[in-house]
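*Asks:* Take a look at this one; I'll ask things after.
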Amino acid sequence: MNHVFPRHNLAPPVKAIRGEGCYLYDDAGKEYFDGSGGAAVSCLGHGDPEIVQAIKDQAESLAYAHTGFFTSDPAEALADLLIQHAPGNLDRVYFVSGGSEAVEAALKLARQYYLEIGEPQRRHVIARRQSYHGNTLGALATGGNAWRRANFEPILMDVSHIAPCYEYVDRAIGETPYAYGQRVAQELEDEILRLGRDSVIAFVAEPVVGATMGAAPAVEGYFQRIRQICDQYGVLLILDEVMCGMGRVGQLFACDADSVTPDILCIAKGLGAGYQPIGAMLCTDRIYDAISNGSGFFQHGHTYLGHPVACATSLAVVKAILGRGLVPKVQEQGEKLSKVLSERFGQHPHVGDIRGRGLFRGIEFVEDRETKTPFAPTKNVAGRFKKAAFEAGLICYPMRGTRDGNLGDHVLLAPPFIISDEQIGEVADKLSVACDNVFA
């Protein structure tokens with residue numbers, strides 16, 4: 001017996017011993033292809049010598065300095081590099097330790113912004129059903145996945161949730177993708193008017209919905225309409241790129257694929273590539289200046305803000321993504337992965353949809369392809385698929401509750417950016433083994 005509190009008390013995890021490239025190895029020597037990068041984290045693969053060296057170098061010179069007293073060179077350099085490539089008027093970076101913290105910071109900054117400019121009546125947040133924004137209480141309340149929220153509803157703040165942009169299930173027969181996107185975007189304006197046209201702080205959304213809907217991008221024109229509505233009613237647009245950002249969908253910042261710019265942007269996961277825990281919240285100069293010209297103090301903070309080793313690691317990661325040409329490689333390998341998945345599973349009787357962007361791909365499972373009917377939750381398709389894939393030597397990210405938090409199953413793929421053509425075939429082979437096991 002050990003004293004680690006695991007995620008699942010009745011299913012203790014296998015012990016990982018080492019990682020190399022796209023593979024992890026357990027204490028029995030078994031090899032696993034990391035087909036989901038953990039949770040879309042390990043974008044550079046495992047054991048990258050350049051990143052490891054950056055960690056060593058920074059730890060030797062300065063491991064920690066509290067941001068209540070100090071800044072550091074790695075934090076300054078990383079912020080400069082991110083803003084150099086960031087969309088729109090994003091101008092300032094607030095470093096945290098992960099995605100949930102980034103979302104919490106974004107929510108609090110949005111509220112304080114309106115206090116600073118004299119609009120204290122703004123208090124509502126709107127997000128989307130079937131979204132996921134983190135597991136801390138504010139982030140969990142903002143997320144719209146019913147299963148994740150259920151046990152904690154009594155202690156969650158009140159957040160409004162509108163429809164996601166979920167074309168596979170919700171677009172009507174005969175409705176164009178563009179018309180569908182405009183229709184569901186209109187729900188934002190309707191909800192703003194219901195709550196009070198000057199009472200909403202922010203709208204929060206993932207450009208490509210990851211964990212809870214399986215790499216579901218919005219249709220063309222959806223986010224442009226969302227941006228127009230936010231501007232019309234003075235609502236801040238917060239985009240959560242914790243899972244889909246940092247090159248994962250073939251753009252350094254995922255929102256660039258939708259030609260939309262947020263007021264606040266959250267990143268993590270691929271920002272540190274798994275080598276250090278780090279996240280960040282980026283905001284516009286307008287928001288930052290409102291704080292500077294008002295109270296001068298963002299009423300928020302954590303002990304490990306701007307951690308020097310984490311920032312130095314992330315700086316090396318972002319330089320590697322850019323300097324090694326990995327963003328265009330993600331586009332190229334992502335198209336190859338999509339093609340292979342379509343060829344192998346496009347006509348499978350229990351595969352309803354294959355979707356995504358870049359190296360962020362999802363497969364939605366159904367009991368009936370024609371009617372798009374999901375499996376009953378009692379069949380535990382996602383859980384069985386995860387186990388079957390793991391036994392076949394593939395780490396992937398299956399999830400149940402795709403449709404509404406209860407019904408529906410999908411598997412999410414987010415392999416390292418260094419995946420080769422041969423390894424794409426390996427992923428497909430191991431997915432086939434899992435499909436045969438689950439759907440035989």
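*Asks:* Just the residues that are open to solvent by 70 Å² or more (accessible area, probe 1.4 Å) and closer than 13 Å to residue 408 by Cβ, please, taken from the stretch 370-386.
*Replies:* 372, 379, 380, listed by residue number.
*Asks:* Among the numbered criteria (1) closer than 18 Å to residue 438 by Cβ; (2) open to solvent by 70 Å² or more (accessible area, probe 1.4 Å); (3) without any contact (Cβ under 8 Å) to a residue 40 or more places away in the chain, which one does residue 346 miss?
*Replies:* Residue 346 satisfies every listed condition except (2).
*Asks:* Can you name every residue in the stretch 4-24 that is assigned to a loop (DSSP other than H, G, I, E, B) and free of Cβ contacts under 8 Å to residues at least 12 places away in the same chain?
*Replies:* 4, 5, 6, 7, 8, 9, 10, 11, 12, 13
*Asks:* Out of (1) surrounded by fewer than 24 Cβ atoms within 10 Å (Cβ to Cβ); (2) in contact with a Phe, Trp or Tyr (Cβ under 6 Å, 6 or more places away or on another chain); (3) touching a residue at least 60 places away in the same chain (Cβ under 8 Å), what's the single condition that is false for residue 367?
*Replies:* (3)
*Asks:* When you look at residue 247, is it assigned to a helix (DSSP H, G or I), at pLDDT 95 or above and within 17 Å of the chain's Cα centre (by Cα), yes or no?
*Replies:* no
*Asks:* So how many residues does the stretch 387-422 have that are assigned to a helix (DSSP H, G or I) and either aromatic (Phe, Trp, Tyr) or open to solvent by 30 Å² or more (accessible area, probe 1.4 Å) (or both)?
*Replies:* 5
*Asks:* I've got another one for you. Just one of 316, 310 is buried (at least 18 other Cβ atoms within 10 Å of the Cβ), of a type in the set (A, V, I, L, M) and within 22 Å of residue 104 (Cβ to Cβ); which is it?
*Replies:* Answer to the check: 310.
*Asks:* Taking the residues in the stretch 182-223 that are in contact with a strand residue (DSSP E or B) (Cβ under 7 Å, 6 or more places away or on another chain) and hydroxyl-bearing (Ser, Thr, Tyr) as candidates, determine which candidate is farthest from residue 250 (Cα to Cα).
*Replies:* Here the residue is 199.
*Asks:* For the structure I just gave you, tell me whether residue 390 is in contact with a strand residue (DSSP E or B) (Cβ under 9 Å, 6 or more places away or on another chain) and not small (Gly, Ala, Ser).
*Replies:* In short, yes.
*Asks:* Now for a different question. Given the conditions (1) touching a residue at least 24 places away in the same chain (Cβ under 8 Å); (2) charged (D, E, K, R); (3) in contact with a strand residue (DSSP E or B) (Cβ under 8 Å, 6 or more places away or on another chain); (4) more than 26 Å from residue 135 (Cβ to Cβ), report the number of the one that residue 27 does not fulfil.
*Replies:* (1)
*Asks:* Could you identify the single residue in 295, 259 that is more than 30 Å from residue 130 (Cα to Cα) and at pLDDT 95 or above?
*Replies:* Every option except 295 fails the conditions.
*Asks:* Okay, moving on. Mind checking whether some residue in the stretch 164-172 is of a type in the set (Ser, Thr, Tyr) and touching a Cys at 6+ places or on another chain (Cβ under 9 Å)?
*Replies:* No, every residue in the stretch 164-172 fails to be of a type in the set (Ser, Thr, Tyr) and touching a Cys at 6+ places or on another chain (Cβ under 9 Å).
*Asks:* Can you report the number of residues in the stretch 162-202 which are open to solvent by 40 Å² or more (accessible area, probe 1.4 Å), closer than 16 Å to residue 128 by Cα and touching a residue at least 60 places away in the same chain (Cβ under 8 Å)?
*Replies:* Qualifying residue count, the stretch 162-202: 1.
*Asks:* Does the stretch 256-266 include one or more residues that are surrounded by fewer than 19 Cβ atoms within 10 Å (Cβ to Cβ), closer than 24 Å to residue 113 by Cβ and hydroxyl-bearing (Ser, Thr, Tyr)?
*Replies:* No, the stretch 256-266 contains no residue that is surrounded by fewer than 19 Cβ atoms within 10 Å (Cβ to Cβ), closer than 24 Å to residue 113 by Cβ and hydroxyl-bearing (Ser, Thr, Tyr).
*Asks:* Would you mention how many residues in the stretch 231-248 are open to solvent by less than 10 Å² (accessible area, probe 1.4 Å), of a type in the set (A, V, I, L, M, F, W, C) and touching a residue at least 40 places away in the same chain (Cβ under 8 Å)?
*Replies:* 5
*Asks:* For the stretch 39-68, which positions are part of a loop (DSSP other than H, G, I, E, B) and either under 30 Å from residue 359 (Cα atoms) or in contact with a Lys or Arg (Cβ under 7 Å, 6 or more places away or on another chain) (or both)?
*Replies:* Those that are part of a loop (DSSP other than H, G, I, E, B) and either under 30 Å from residue 359 (Cα atoms) or in contact with a Lys or Arg (Cβ under 7 Å, 6 or more places away or on another chain) (or both): 41, 42, 43, 44, 45, 47, 48.
*Asks:* For residue 275, state whether it is open to solvent by 20 Å² or more (accessible area, probe 1.4 Å), of a type outside the set (D, E, K, R) and touching a strand residue (DSSP E or B) at 6+ places or on another chain (Cβ under 7 Å).
*Replies:* No; evaluated as a whole, the condition is false for this residue.
The values are calculated or read from the model by the stated rules, or taken from the named source; none is laboratory data. The structure presented is a predicted model; accordingly, all values stated were derived computationally and were not measured. Please note: Cβ atoms are built from the backbone with ideal geometry, for glycine as well, and neighbour counts cover all protein chains shown. Heads up: the accessible areas ignore ligands, DNA and RNA and are worked out on the full protein's heavy atoms, side chains in. Shrake-Rupley method; radii C 1.70, N 1.55, O 1.52, S 1.80 Å.
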